[in-house]
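The values are calculated or read from the model by the stated rules, or taken from the named source; none is laboratory data. Just so it is clear, the structure is predicted and the values come from calculations on it, not from any experiment. Backbone-built Cβ (ideal geometry, glycine too); neighbour counts: all protein chains shown. Areas reflect the complete protein model, heavy atoms only, side chains present, ligands, DNA and RNA absent. Shrake-Rupley method; radii C 1.70, N 1.55, O 1.52, S 1.80 Å.
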Amino acid sequence: MADLSVEFSGLKLKNPIIVASAEPSNSVENIKKCIDHGAAAVITKTIGDIPGMARLTKNSKYAILNDKGTLIKGKVPRSFVFYSRSGYISEPAQDWISYLKETQAYAEANGAHIIGNISSGTIEGWRGLARMVEDCGIPMLEVNYQCQHPAGMAEGAEGIWIAQDPKVTAEVTRQIVDAVNIPVMVKLTPESNRITEIAKAAMDAGASSVAVNSRFVGFAVDIDNASPYIGGPAGVGGPWVKYMTQRWVNEIYSKYGYEISGSNGIFDARDAIEFIMSGAKVMQVGSVLMLKGIEWLPKVIDGVERFLDEKGYSNLGDIYGIASDQALKTPDEMMSMEPLYCEIDREKCKYPSCDICIRMCFYDSLFFGEGQVTTTPDTCIGCELCYNVCPFDAIRMVPKSERAERLAAE
């Protein structure tokens, strides 16, 4: 049985799955339930001092969309779009002192951890909230530098777009780190094209890790009613976005090797494994729990363990960053890939009833022939589009060097 334990920001975790700062962690009861279902850690819903963001939570709205952009109204598809508007915890921050102490004690008794997520509109507020969380015995902080909504949506929320500027990120992080003696994880925003630079600024300022990343801001339209869903712009995420998130995980891991918590895009164990292979040590699970229930957690955790066992990996370290380590990083490396060409298995091919490979070939390599697809290997550039679209597994990609050797032997 594979070992799922991992050390992250100084915390020893029994597995790499942690519950993200969201509705499933907005109460003592929910947090305990997450722990009961196997979460290695639970990040509290944001504890803040911005009144407008607390009021916003009491006016939360959700639109869960399918790939057609309509409400799912039933079974949740793997490609769901989570479109929502919510804020921070509804209670005053001070009310969470007792909640944090209670949940931390429960976590310790069950081999898990609580991570306190905080946000403020002032430096003094950041430092005060950080110390409050630490004084409750919480072993780690996550700082929310961007709620997933546009500035101005809630009164007093303009100051939360901190992770847009490396200098501001560094200064706020330095102030928070200076105020406490527990590790600080900075949650980054995708609303920037400088995420790697901002991650470095946070780490240089003393952060122990970065969370990559919070959700995008989107605008979803209900065309049947000619209006936006839930009234206007909102946070948008879901499994479909994982490729953008993993792009930044790959880049930050490859360039700096920082400890990363993957967030935004996890549905099941397969997604978690993709994040690990990209360079994330742990994964934050959030939206899917709101649609599948907290009971979904064991499916993700058990799925990761099953994958490791089936593939013969002994622990998470065996796959950590493995895909990013193999990724081609420069144009020269990409151009040096061995040329391929498509070869058709005539027994599997259903031509002429199926001709999708010909219609999808834009490099003059496949043509309509007499009873079979006509191929011209010399013009094939090995793009693999035909290989991807063939519904009968009748195409394989062959190195051109093999063909050269075969022709020479003839």
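For the list (1) charged (D, E, K, R); (2) touching a helix residue (DSSP H, G or I) at 6+ places or on another chain (Cβ under 9 Å); (3) open to solvent by 90 Å² or more (accessible area, probe 1.4 Å), I need the number of the one condition that ASP318 fails.
For ASP318, the exception is condition (3).
Filter the stretch 179-206 for residues that are among the small types (Gly, Ala, Ser) and under 20 Å from the mean Cα position of the chain (by Cα); which is farthest from ILE252 (Cα to Cα)?
Restricting attention to the stretch 179-206, the residues satisfying the condition of being among the small types (Gly, Ala, Ser) are 179, 192, 199, 201-202, 205-206.
Checking the rest, the ones that are also under 20 Å from the mean Cα position of the chain (by Cα) come to 192, 199, 202.
Details: SER192: 14, ALA199: 7, ALA202: 12 Å.
Here the residue is SER192.
Hey, does the stretch 378-385 have a residue that's within 30 Å of LYS281 (Cβ to Cβ), open to solvent by 50 Å² or more (accessible area, probe 1.4 Å) and of a type in the set (S, T, N, Q)?
No.
Tally the residues that are part of a loop (DSSP other than H, G, I, E, B), open to solvent by 40 Å² or more (accessible area, probe 1.4 Å) and at pLDDT below 50, restricting the search to the stretch 152-173.
Qualifying residue count, the stretch 152-173: 3.
Under 6 Å between Cβ atoms, at least 6 apart or on separate chains: pull out the pairs that start in the stretch 94-114 with a residue that is more than 12 Å from ILE47 (Cβ to Cβ) and end on any residue that is open to solvent by 60 Å² or more (accessible area, probe 1.4 Å) and modelled with pLDDT of 95 or more.
GLY111/LYS14
State which residue is farthest from ASP3 (Cα to Cα) when the search covers only the stretch 316-344 and only residues that are of a type in the set (S, T, N, Q) and either in contact (Cβ under 8 Å) with a residue 40 or more places away in the chain or assigned to a helix (DSSP H, G or I) (or both).
Among those residues, the one meeting the criterion is GLN326.
Restricting attention to the stretch 23-52, which residues are modelled with pLDDT under 95 and under 16 Å from ILE115 (Cβ atoms)?
GLY48
From ASN181, ASN193, grab the single residue that is surrounded by fewer than 16 Cβ atoms within 10 Å (Cβ to Cβ), at pLDDT 95 or above, out of contact with any Leu (no Cβ under 9 Å at 6 or more places or on another chain) and not in a helix (DSSP H, G or I).
Residue meeting the stated conditions: ASN181.
Select from the stretch 1-28 the residues that are within 21 Å of ALA280 (Cα to Cα) and not in a loop (DSSP other than H, G, I, E, B) and list them in ascending order.
Within the stretch 1-28, ASP3, VAL6, GLU7, PHE8, LEU11, LYS12, LEU13, ILE17, ILE18, VAL19 meet the criteria.
Restricting attention to the stretch 207-248, which residues are within 9 Å of the chain's Cα centre (by Cα), surrounded by 16 or more Cβ atoms within 10 Å (Cβ to Cβ) and without any contact (Cβ under 8 Å) to a residue 60 or more places away in the chain?
Result: ASN213, VAL241, LYS242, THR245, GLN246.
Of the residues ARG55, ARG78, which single one is modelled with pLDDT under 95 and under 18 Å from the mean Cα position of the chain (by Cα)?
ARG78
In the list SER263, SER278, SER324, which residue meets the criterion of being open to solvent by less than 20 Å² (accessible area, probe 1.4 Å), of a type in the set (Ser, Thr, Tyr) and under 19 Å from VAL81 (Cα atoms)? Outline the logic, then answer.
On the way: SER278 fails: under 19 Å from VAL81 (Cα atoms); SER324 fails: under 19 Å from VAL81 (Cα atoms).
Within the list SER263, SER278, SER324, the selection yields SER263.
Residues that are in contact with a helix residue (DSSP H, G or I) (Cβ under 8 Å, 6 or more places away or on another chain) and either part of a loop (DSSP other than H, G, I, E, B) or on the phi > 0 side of the Ramachandran plot (or both): does the stretch 284-300 have at least one?
yes
Condition first: of a type in the set (Phe, Trp, Tyr) and part of a helix (DSSP H, G or I). Can you find one or more residues in the stretch 241-251 that meet it?
Checked the stretch 241-251: at least one residue is of a type in the set (Phe, Trp, Tyr) and part of a helix (DSSP H, G or I).
Checking VAL373 against (1) under 20 Å from ARG406 (Cβ atoms); (2) under 39 Å from the mean Cα position of the chain (by Cα), only one condition comes out false. Which one?
Every condition holds for VAL373 apart from (2).
What residue, of ILE115, ILE31, ILE97, ILE35, is outside any helix (DSSP H, G or I) and of a type outside the set (Ser, Thr, Tyr)? Talk me through it step by step, then tell me what you get.
Working: ILE31 fails: outside any helix (DSSP H, G or I); ILE97 fails: outside any helix (DSSP H, G or I); ILE35 fails: outside any helix (DSSP H, G or I).
Of ILE115, ILE31, ILE97, ILE35, the one residue that is outside any helix (DSSP H, G or I) and of a type outside the set (Ser, Thr, Tyr) is ILE115.
When residues of the stretch 344-366 are filtered for being within 20 Å of ASP378 (Cβ to Cβ) and open to solvent by less than 50 Å² (accessible area, probe 1.4 Å), how many remain?
6
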